[in-house]
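Step one of this worksheet: look at the structure below.
The values are calculated or read from the model by the stated rules, or taken from the named source; none is laboratory data. Values in this document were obtained by computation on a predicted structure and should not be read as measured data. Cβ coordinates were reconstructed from backbone atoms using ideal geometry, including for glycine residues, and neighbour counts include every protein chain displayed.
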Amino acid sequence: MSGRLAAERSQIGQPTKSALLNTPAAVAGKGPTTQLDPLEAADTLIERDGELSAQRDAPVGGQAVLEGVMMRGVSNWAVAVRKPAAEQLADSEGERDGLVVPLGEVEVTTYPLDSAMKRHRLLRLPLLRGVVALGGSMVIGFRALEISANAQLPAEEAQEQQEIPRAVWAGTVVFAVLLAVVLFFLIPVGLTSLIKNQLGSSVLFWVVEGAIRTSLFLGYMALLSRVRDLRRVFEYHGAEHKTISCLEAGLPLTPANAQRFSRLHPRCGTSFLLVVMIVAIFVFAPIGLPAWYWLMATRVLGVPVIAGISFELIKFAGRNRSRGWVRALMWPGLKLQLLTTREPDLDQLEVAIASLQAVLALEKPGELSAADLVGVEVVA
């Protein structure tokens with residue numbers, strides 16, 4: 001790759017910006033190369049159907065954003081976005097007179113990550129730590145989406161954009177959570193309550209409600225997968241997974257290396273949501289058939305418990321992915337990721353690698369102490 005990542009970090013923990021020169025994607029043997037000493041490649045790989053999968057876990061996670069990827073580690077997070085070239089801004093189709101428009105530069109922004117779990121021991125307890133981590137991940141995720149959206153604007157318009165107040169972001173997170181609770185918890189129990197007398201037993205009520213909830217979720221994911229405008233986001237989602245797997249396997253971070261890995265990852269948020277749907281069935285089973293208002297209340301109050309249990313399960317699966325029975329249990333969630341990921345190209349992998357390298361420039365997962373890892377809960 002003729003360009004290289006030029007990053008200036010005079011103050012660790014302060015937002016910094018860097019860019020890769022606007023070159024085509026790196027070919028095999030070129031591109032950002034980082035040999036990760038802390039993670040050894042031996043016994044960390046398996047191959048299935050021509051794709052590699054890492055068998056070790058690293059405390060890094062991420063999220064696809066608009067034309068980019070957010071990566072987060074223990075103490076820092078970064079967003080790498082492919083900015084549109086001037087020709088792309090003039091031609092939304094990306095081609096002019098039959099010629100492919102050159103790619104824009106990759107802009108990388110890093111931020112410190114201040115986890116509440118490091119400050120408060122109580123928040124590190126099992127179940128509770130998962131709820132806290134999910135809330136923090138949602139806040140970072142929405143912030144990363146804002147950064148990526150602004151990066152797609154012309155320079156003069158981006159400068160005019162004012163930073164969204166923290167209260168607005170908090171309100172957005174609350175609204176997203178409430179919408180999910182209504183769609184996947186209150187609506188299923190409400191629909192099942194309409195035929196409660198016909199069902200005649202709490203067990204049957206439990207089965208029908210769980211089936212409705214899971215069907216709504218699967219239908220929602222299927223509809224998202226058909227939205228054409230989300231296709232490139234799903235490709236970057238695949239790039240995020242491949243890059244993290246490449247790190248976990250201990251291989252140098254190059255687009256060619258990352259491309260060899262599966263786009264499916266055991267710690268994916270898509271798998272986590274499916275686990276939530278399944279765990280909810282068992283959490284609500286002992287409640288039986290109280291009055292309708294108690295049914296509604298339990299579905300709302302039970303959400304943090306379900307989220308905490310699901311988070312512990314998905315983390316356990318990530319750490320024990322080499323075990324056959326764990327892989328069997330993970331299989332449905334991995335297959336569901338086929339809806340929310342697409343195969344990325346080398347250009348998109350280059351962006352994902354730039355984001356992860358920005359995090360690794362400030363911290364090395366294999367050299368972290370036990371104190372550094374306290375409360376670290378990330379989902380890929």
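Of note:
- Scanning segment 313-326 for residues that are crowded, with 17+ Cβ neighbours inside 10 Å and part of a helix (DSSP H, G or I) yields LEU313, ILE314, LYS315, ALA317, GLY318.
- 1 or more residues free of Cβ contacts under 8 Å to residues at least 60 places away in the same chain: qualifying helices (runs of 4 or more DSSP H) within segment 218-286: 255-259, 269-284
- Some residue of segment 287-303 being part of a helix (DSSP H, G or I), within 18 Å of the chain's Cα centre (by Cα) and buried (at least 16 other Cβ atoms within 10 Å of the Cβ): no
- Residues in segment 206-242 that are of a type in the set (A, V, I, L, M) and in contact with a helix residue (DSSP H, G or I) (Cβ under 7 Å, 6 or more places away or on another chain) were compared, and the one that is surrounded by the most Cβ atoms within 10 Å (Cβ to Cβ) is ALA239.
Residue-wise test of (1) basic (Lys, Arg); (2) at pLDDT below 85; (3) surrounded by 15 or more Cβ atoms within 10 Å (Cβ to Cβ); (4) touching a Lys or Arg at 6+ places or on another chain (Cβ under 6 Å).
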| site | (1), (2), (3), (4) |
| --- | --- |
| LEU145 | no, no, yes, no |
| GLU157 | no, yes, no, no |
| ALA167 | no, yes, no, no |
| PHE185 | no, no, yes, yes |
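- Checking SER137, SER115 one by one, the residue that is of a type in the set (Ser, Thr, Tyr) and modelled with pLDDT under 80 is SER115 and no other.
- Pairs are defined by a Cβ separation below 7 Å, a sequence spacing of at least 6 or placement on different chains, a first member in segment 107-126 that is farther than 30 Å from ASN150 by Cα and touching a residue at least 24 places away in the same chain (Cβ under 8 Å), and a second member that is part of a helix (DSSP H, G or I) and of a type in the set (Val, Ile, Thr); the pairs so defined are MET117/VAL132; LEU123/VAL132.
- Test: residue in segment 360-373 that is aliphatic (A, V, I, L, M), in a helix (DSSP H, G or I), touching a helix residue (DSSP H, G or I) at 6+ places or on another chain (Cβ under 7 Å) and modelled with pLDDT of 90 or more: no
- Scope segment 265-286; condition under 21 Å from the mean Cα position of the chain (by Cα) and of a type in the set (Phe, Trp, Tyr); matching residues: PHE272
- Annotation: of all residues in segment 251-286 being β-branched (Val, Ile, Thr) and touching a helix residue (DSSP H, G or I) at 6+ places or on another chain (Cβ under 7 Å), the one that is surrounded by the fewest Cβ atoms within 10 Å (Cβ to Cβ) is ILE281.
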